[in-house]
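*Asks:* Below is the structure I would like to discuss, written out as structure tokens.
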């Protein structure tokens with residue numbers, strides 16, 4: 001994972017969206033196959049929603065994509081020579097024991113943004129995500145929704161070309177969910193490629209450009225959103241949409 | 001005798017006895033400086049052991065934990081042999097000076113600070129590691145962030161180290177020589193007065209020492225609580 | 001962050017300098033606890049400092065440790081009470097000269113009711129024999145110090161085996177041994193100076209004194225310049241000479257506790 005310099009005016013990502021390719025990827029843990037073999041390519045503008053029942057391997061897939069884990073077998077590659085700038089938002093936001101703005105300044109410092117620019121950039125990000133009021137509040141004291149938005153603000157400052165989100169709203173109330181989804185849309189509009197897991201069908205319907213459906217550690221379907229919801233192909237997907245438990 | 005001792009302690013303090021003041025000042029200087037130096041070395045060491053995987057890591061953790069129980073008189077003996085003119089560092093001429101006492105106490109306190117900070121940092125790392133990697137932090141970059149995030153727990157660790165330093169007598173006696181006006185500290189004074197059979201005075205000094213340590217701990221607690229409220 | 005680190009290091013370094021260096025001339029003297037704890041040094045050292053401007057830093061430890069410190073070159077000077085050991089020290093070339101400085105005596109201390117009846121003894125060896133016969137508790141320093149060696153010689157001369165439950169080897173200095181003896185209500189042999197200055201007597205009292213064999217000679221040693229060239233030999237020489245001089249000897253004689261003179265100058 002390389003650290004990167006944030007360009008001066010990073011409002012728009014000008015380069016074409018990167019493509020993620022899984023080539024016969026397997027992930028084992030203690031001789032048990034948890035994911036794979038999987039092969040797929042994420043193209044286009046997304047947002048890609050990764051769906052599936054619990055234990056399907058959605059989080060694993062995300063972590064493998066983000067290089068937090070290495071595949072036991074197979075290759076994960078990006079189009080183009082360089083690894084694109086990435087960020088990830090986790091199900092439980094991970095924030096430091098400092099104020100909200102200090103968390104953002106820390107992320108900027110880690111990525112070698114010049115000291116004098118950090119405060120302004122941090123405050124701008126807070127404003128964008130509606131967190132100006134909680135600027136100096138200890139981050140860990142914020143509500144779940146505010147924390148998740150702060151995590152998104154932090155990701156925003158990294159100007160990622162890809163943003164991974166691992167069930168970011170599963171612990172939030174409807175109002176907070178709405179705010180987080182709006183924030184995700186901001187990223188999408190800026191040109192960031194979104195890859196997000198969810199088990200919420202309605203959320204998927206709201207946000208998805210395409211769906212990657214997993215079940216039992218394997219990719220069952222990878223289709224544009226409308227196609228998936230209207231005419232699911234696999235047995236598991238049909239059962240999942242119908243609300244029946246799938247393993 | 002206990003009543004006598006409290007009276008003695010009180011009168012020592014109220015009379016602002018000059019030699020007592022000098023002894024107290026030296027005790028604080030030696031122990032505080034030792035803890036400071038040990039922290040500058042020990043906290044990064046503990047964090048490093050927590051963060052990096054290397055061969056022998058398990059053994060290192062066991063050794064650090066075990067050295068927390070290093071007997072002060074043994075530490076004093078080892079440092080004495082090092083600093084003695086007949087020893088490898090004799091050229092430094094540190095023996096029987098406060099510098100030697102600080103060195104001996106650093107040897108005692110360093111394992112405590114390293115072992116306990118390692119444990120704390122490792123806990124935090126469990127919580128933070130994925131996010132840190134995601135943000136693009138190298139292992140070495142994680143160290144200051146983790147240490148700062150753990151600051152409240154590390155304050156308690158510092159106090160544990162200070163407690164050990166200010167309470168011990170074996171090491172400072174050995175390398176300091178208990179020289180009046182030069183290397184005599186509270187604990188060695190207590191041993192001296194006990195040896196002279198002046199038990200009320202010895203106990204009185206003990207009470208003064210305890211009060212001092214109590215005040216320092218209270219101060220640290222207040223500082224910790226006040227800042228903790230601000231940061232959640 | 002970097003700025004604060006630099007400041008800290010500078011602070012530490014300057015404190016280190018302040019600790020290490022001392023503007024005044026000084027020597028380190030390895031000596032025994034009896035001379036320090038009795039208050040002798042507190043009395044005579046200021047006089048020496050006034051006369052010469054040299055501060056004497058006393059490291060007061062057991063005799064064995066004092067010899068070891070001097071042997072290693074960690075002290076500039078040595079003042080102990082173990083004539084045999086001192087002579088051997090000179091023979092082994094660790095010191096160039098030893099000289100008698102002063103003497104005091106050992107006294108026998110014990111519980112006020114005196115179960116072994118040593119206050120009636122006619123000699124020290126008789127007293128020791130009586131203690132062994134009565135199997136009365138006896139606290140021995142057991143630390144190979146000058147006092148301890150003198151004690152063992154007396155047991156030998158009394159023709160008595162000093163062992164059994166009643167004979168307790170403590171491995172301690174004089175003061176701690178007295179503390180333990182007071183708690184055990186045991187007999188103990190102490191040098192007079194430490195006893196006179198001792199504060200925790202409880203039921204103990206002085207029971208026997210005066211026998212010539214209880215004589216305890218102190219000697220000052222001039223350490224070898226050859227073995228340890230780094231030592232402050234000039235200053236140590238001044239100290240050694242002053243001790244043997246009229247001024248030094250008078251200072252020793254003038255030191256009294258409760259009107260009692262504790263050390264008797266006898267330099268030749």
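*Asks:* Restricting attention to the range C:181-198, and to residues there that are out of contact with any helix residue (DSSP H, G or I) (no Cβ under 7 Å at 6 or more places or on another chain) and either without any contact (Cβ under 8 Å) to a residue 24 or more places away in the chain or more than 12 Å from every other protein chain (Cβ to nearest Cβ) (or both), which single residue is surrounded by the fewest Cβ atoms within 10 Å (Cβ to Cβ)?
*Replies:* Once the filter is applied, the top-ranked residue is C:183.
*Asks:* Whether any residue in the range C:154-171 is within 14 Å of chain B (Cβ to nearest Cβ), surrounded by 19 or more Cβ atoms within 10 Å (Cβ to Cβ), under 19 Å from residue C:118 (Cβ atoms) and touching a strand residue (DSSP E or B) at 6+ places or on another chain (Cβ under 7 Å) is what I want to check.
*Replies:* Among the residues of the range C:154-171, not one is within 14 Å of chain B (Cβ to nearest Cβ), surrounded by 19 or more Cβ atoms within 10 Å (Cβ to Cβ), under 19 Å from residue C:118 (Cβ atoms) and touching a strand residue (DSSP E or B) at 6+ places or on another chain (Cβ under 7 Å), which makes the answer no.
*Asks:* When you scan the range C:206-238, how many residues do you find that are closer than 21 Å to residue C:57 by Cα, assigned to a helix (DSSP H, G or I) and in contact with a strand residue (DSSP E or B) (Cβ under 8 Å, 6 or more places away or on another chain)?
*Replies:* Result for the range C:206-238: 4.
*Asks:* Right, something else. For the range A:25-45, check the following and say yes or no: at least one residue is in contact (Cβ under 8 Å) with a residue 40 or more places away in the chain and part of a loop (DSSP other than H, G, I, E, B).
*Replies:* The answer is yes; a qualifying residue exists.
*Asks:* Now for a different question. Looking only at the range B:186-218, which residues are more than 13 Å from every other protein chain (Cβ to nearest Cβ) and under 17 Å from residue B:98 (Cα atoms)?
*Replies:* Matches in the range B:186-218: B:186, B:187.
*Asks:* Further question: With respect to residue A:239, determine if the residue is at pLDDT below 90 and over 12 Å from the mean Cα position of the chain (by Cα).
*Replies:* Criteria met by residue A:239.
*Asks:* Return the only residue of B:34, B:114 being surrounded by 24 or more Cβ atoms within 10 Å (Cβ to Cβ), in contact (Cβ under 8 Å) with a residue 40 or more places away in the chain and within 14 Å of chain C (Cβ to nearest Cβ).
*Replies:* Testing whether each residue is surrounded by 24 or more Cβ atoms within 10 Å (Cβ to Cβ), in contact (Cβ under 8 Å) with a residue 40 or more places away in the chain and within 14 Å of chain C (Cβ to nearest Cβ) leaves just B:34.
*Asks:* Can you tell me which residue in the range B:88-102 is surrounded by the fewest Cβ atoms within 10 Å (Cβ to Cβ), limited to those that are assigned to a helix (DSSP H, G or I) and at pLDDT below 95?
*Replies:* B:91
*Asks:* Could you tell me whether the range C:240-261 includes any residue that is touching a residue at least 12 places away in the same chain (Cβ under 8 Å), within 14 Å of chain B (Cβ to nearest Cβ), within 30 Å of residue C:131 (Cα to Cα) and more than 16 Å from the chain's Cα centre (by Cα)?
*Replies:* Among the residues of the range C:240-261, at least one is touching a residue at least 12 places away in the same chain (Cβ under 8 Å), within 14 Å of chain B (Cβ to nearest Cβ), within 30 Å of residue C:131 (Cα to Cα) and more than 16 Å from the chain's Cα centre (by Cα), which makes the answer yes.
*Asks:* If residue A:112 passes every condition in (1) more than 14 Å from chain B (Cβ to nearest Cβ); (2) surrounded by fewer than 18 Cβ atoms within 10 Å (Cβ to Cβ) but one, which one does it miss?
*Replies:* (1)
*Asks:* Which of the helices (runs of 4 or more DSSP H) found entirely inside the range C:23-124 contain at least 3 residues meeting this: within 14 Å of chain B (Cβ to nearest Cβ)?
*Replies:* C:33-37, C:40-52, C:63-71
*Asks:* Find the residue count for the range B:45-59, including only residues that are in a helix (DSSP H, G or I), surrounded by fewer than 16 Cβ atoms within 10 Å (Cβ to Cβ) and touching a helix residue (DSSP H, G or I) at 6+ places or on another chain (Cβ under 8 Å).
*Replies:* 1
Yes or no, residue by residue, for (1) away from chain B (no Cβ under 11 Å); (2) exposed (fewer than 14 other Cβ atoms within 10 Å of the Cβ); (3) over 20 Å from residue A:157 (Cα atoms); (4) modelled with pLDDT of 90 or more:
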| residue | (1), (2), (3), (4) |
| --- | --- |
| A:9 | yes, yes, no, no |
| A:14 | yes, yes, no, no |
| A:28 | yes, yes, yes, yes |
| A:54 | yes, yes, yes, no |
| A:61 | yes, no, yes, yes |
| A:72 | yes, no, yes, yes |
| A:97 | no, no, no, yes |
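*Asks:* Separate question: Quick check on my filter: what residues within the range A:137-152 are within 13 Å of chain B (Cβ to nearest Cβ) and more than 13 Å from the chain's Cα centre (by Cα)?
*Replies:* Listed by number, the residues that qualify are A:137, A:138, A:139, A:140, A:141, A:142, A:143, A:146, A:147, A:150.
*Asks:* Assess whether residue A:162 counts as being closer than 19 Å to residue A:50 by Cα and in contact (Cβ under 8 Å) with a residue 40 or more places away in the chain.
*Replies:* yes
*Asks:* Moving on to the next point. Select from the range B:60-87 the residues that are within 14 Å of chain C (Cβ to nearest Cβ) and in a helix (DSSP H, G or I) and list them in ascending order.
*Replies:* B:73, B:76, B:77, B:79, B:80, B:81, B:82, B:83, listed by residue number.
*Asks:* Something else about it: Exactly one condition in (1) surrounded by fewer than 20 Cβ atoms within 10 Å (Cβ to Cβ); (2) modelled with pLDDT of 90 or more; (3) away from chain B (no Cβ under 14 Å) is not met by residue C:144; state its number.
*Replies:* Of everything listed in (1) surrounded by fewer than 20 Cβ atoms within 10 Å (Cβ to Cβ); (2) modelled with pLDDT of 90 or more; (3) away from chain B (no Cβ under 14 Å), residue C:144 misses just condition (2).
*Asks:* Assess whether residue A:194 counts as being in a strand (DSSP E or B), in contact with a helix residue (DSSP H, G or I) (Cβ under 9 Å, 6 or more places away or on another chain) and at pLDDT 90 or above.
*Replies:* Taking the combined requirement at face value, the residue satisfies it.
*Asks:* Looking at B:41, B:20, B:26, B:32, can you tell me which residue is in contact with a helix residue (DSSP H, G or I) (Cβ under 8 Å, 6 or more places away or on another chain) and modelled with pLDDT under 95?
*Replies:* B:20
*Asks:* Further question on the same structure: Among the residues of the range A:127-136, is there at least one that is within 29 Å of residue A:198 (Cβ to Cβ) and within 9 Å of chain B (Cβ to nearest Cβ)?
*Replies:* No: zero hits.
*Asks:* Scan the range A:74-95 residue by residue and report those that are surrounded by fewer than 21 Cβ atoms within 10 Å (Cβ to Cβ), touching a strand residue (DSSP E or B) at 6+ places or on another chain (Cβ under 7 Å) and within 14 Å of chain B (Cβ to nearest Cβ).
*Replies:* Scanning the range A:74-95 gives A:84, A:90, A:91.
*Asks:* Given the residues C:95, C:99, C:127, which is the only one that is over 29 Å from residue C:29 (Cα atoms) and touching a helix residue (DSSP H, G or I) at 6+ places or on another chain (Cβ under 8 Å)?
*Replies:* None of the other options fit; the residue is C:127.
The values are calculated or read from the model by the stated rules, or taken from the named source; none is laboratory data. These numbers come from a predicted model, not from an experiment. Please note: Cβ atoms are built from the backbone with ideal geometry, for glycine as well, and neighbour counts cover all protein chains shown.
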